[in-house]
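Below is one structure; the comments refer to it alone.
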Amino acid sequence: MHVLLVHPSALMHSEVFLRLEPLGLERVATAVRSAGHEVHLIDLQVYDHDDFRSALERFEPDAIGFSLNYLANVPEVVDLAKQAKARRPRTFVFVGGHSVSFIAERVLEHGQGAIDAILRGEGETSVSALLEAAFDGGLETVPGAVTPEGTGPPPQMLESLDEHLPARDLGGRRRRYFIGVLDPCASIEFSRGCPWDCSFCSAWTFYGRSYRQVSPEAAAEDLERIREPGVFLVDDVAFIKPDQGMEIADQIERRRIRKEYYLETRCDILVRHPEVFERWKRLGLNYLFLGLEAIDEEGLKAFRKRSTTDVNERALEIARKLELTVAINIIADPDWDERRFALIREWAQSVPEIVHLTVQTPSPGTETWFTESRQLTTLDYRLFDVQHAVLPTRLPLRRFYEELVKTQSVLARKHMGLAALVDTVGIAARHLLHGQTNFARMLWKFSRVYNAERQYSEHLRPAQYLLEPPSTNDHSAPDRKDLYVHVPVRLRR
């Protein structure tokens, strides 16, 4: 069987700061290959819709699978599914991924018959069974499958993350993947899931607060296959279990692998196990992302970060001592006024770290989707990208974006302006000498992408597809097992 796997286009944030390889789809591709099918993968972050239509003609797929990890990509995926079905009516079209797992029935409705099935949960476990059932019958028996005719059993978790290492030979144009100065940059996964339960996040609800690890041997094997000099660790929280970090480090040293690393972790993990990060610094770890989310105790409590400002400050001190370049995220509440934005700008300029803002966005799969008492001002999927306000703003909406962009611009100039360019010109020049333009382009694209008028005007576009609002208006937290995509065994009825 010919199977075409498709990753949708980049979102707003990715236009400037990063473009990551479709690691999850590459792992699904390996599972499909293992079942004996021929696979073609096209990533619309680095290709365009004409390339997709060309692939339909050249590859003549029997099945097309779309990855849908972000709500903002829903309209694009639905439209592409309709195009594919119109051109190849007998082709089986399915969609899988993180975000679609929470809104499967709604996306089927949008498809109007063009989407044959949604595969909820981890795709590696059931994609082969889904493809077999698509042509032999029995879709209703496939774990995680949701079809117009009914829903299959609950999705199953992958027994071992050592299985189905990513098919990195598929896709092409790998030199276009980057994150910051790591240009080009591959991605890798050492663990999956998160045991914390932040109210704004859907990682823990997707995995049922579970946490699994790749074995050190499999992690090193996958790392050894990567040709790119830079590697981004996609784990939601790196090195929760310090032993794993040390054992993978042992394997890296034994195999003499030399890479430059960027990873994300929690402040309390860094404070608890600084020795792990110190060792990884010696291995090539230079960049660290820390999701502080708030700069005061009230904000941390509201987001249920289960951390404190004292822990956060200690983590930053450790990172500075290790001479790591740190990026921080702060969540901007639509209720912020000019004074609050000014306070954030003042704080962000007082610390050496890179500070970035995202906008508070209740989304299906998060607890705040149900508990946020403010009425959503839009149900347009395209605006659910943590760069737009979907809740009422205290300031007039245009003014909110002016303050948001002003704040982002001040912070960007700190690290990407003319003064900072003196420090980065050597890096950019080295990339350009090797034909890599992603980092250099990042230095001047900011003002074109982060533009108050652009963000405001995007609210005025007509929307063909709309999210279904929360089914309850009592704003109480639902039973947690009702939020889970993968329900832990201990909680299954």
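As a summary of the residue check, Glu317 satisfies the conditions (1) modelled with pLDDT of 95 or more; (2) buried (at least 20 other Cβ atoms within 10 Å of the Cβ) except for the one numbered (2). Of all the listed residues (Arg374, Arg340), the sole one being in contact with a Leu (Cβ under 6 Å, 6 or more places away or on another chain) and either farther than 20 Å from Ser447 by Cα or of a type in the set (Asp, Glu) (or both) is Arg374.
Of all residues in the range 244-277, those satisfying the criterion of being in a helix (DSSP H, G or I), of a type in the set (Asp, Glu) and surrounded by fewer than 18 Cβ atoms within 10 Å (Cβ to Cβ) are Glu247, Asp250, Glu253, Glu275. Can you confirm whether the range 50-61 contains a residue that is at positive phi, in contact with a strand residue (DSSP E or B) (Cβ under 8 Å, 6 or more places away or on another chain), in contact (Cβ under 8 Å) with a residue 24 or more places away in the chain and of a type outside the set (Lys, Arg)? Taking every residue of the range 50-61 in turn, at least one turns out to be at positive phi, in contact with a strand residue (DSSP E or B) (Cβ under 8 Å, 6 or more places away or on another chain), in contact (Cβ under 8 Å) with a residue 24 or more places away in the chain and of a type outside the set (Lys, Arg). Only one of the listed residues (Ala315, Ala332) is under 24 Å from the mean Cα position of the chain (by Cα) and farther than 19 Å from Glu264 by Cα. That residue is Ala332. Per the listing Val386, Val405, Val410, Val355, the residue uniquely among the β-branched types (Val, Ile, Thr), in contact (Cβ under 8 Å) with a residue 24 or more places away in the chain, part of a loop (DSSP other than H, G, I, E, B) and out of contact with any Cys (no Cβ under 9 Å at 6 or more places or on another chain) is Val386.
Quick check on the range 120-143: of everything there that is more than 16 Å from His37 (Cα to Cα) and free of Cβ contacts under 8 Å to residues at least 40 places away in the same chain, which residue is surrounded by the fewest Cβ atoms within 10 Å (Cβ to Cβ)?
Residue satisfying both the conditions and the ranking: Gly137.
Could you check the range 103-125 and list, in sequence order, the residues that are within 23 Å of the chain's Cα centre (by Cα) and of a type in the set (Gly, Ala, Ser)? Ala104, Ala117, Gly121, Gly123, listed by residue number. Among the conditions (1) more than 21 Å from Ile188 (Cα to Cα); (2) at pLDDT 95 or above; (3) part of a strand (DSSP E or B), Pro334 misses just one, which is (3). Within the range 117-130, the residues that satisfy the criterion of being touching a Ser or Thr at 6+ places or on another chain (Cβ under 9 Å) and in a loop (DSSP other than H, G, I, E, B) are Arg120, Gly121. In the range 451-493, the residue that is modelled with the lowest pLDDT out of those that are surrounded by fewer than 14 Cβ atoms within 10 Å (Cβ to Cβ) and basic (Lys, Arg) is Arg493. Only residues that are surrounded by 15 or more Cβ atoms within 10 Å (Cβ to Cβ) and not in a helix (DSSP H, G or I) were counted in the range 283-314, giving 16.
Flag: Arg394 does not match the condition of being modelled with pLDDT under 95 and either part of a loop (DSSP other than H, G, I, E, B) or of a type in the set (Ser, Thr, Tyr) (or both).
The values are calculated or read from the model by the stated rules, or taken from the named source; none is laboratory data. Here the structure is a predicted model, which is why all the values come from computation and not from measurement. Heads up, the Cβs are rebuilt from the backbone with ideal geometry, glycines too, and the neighbour counts pull from every protein chain shown.
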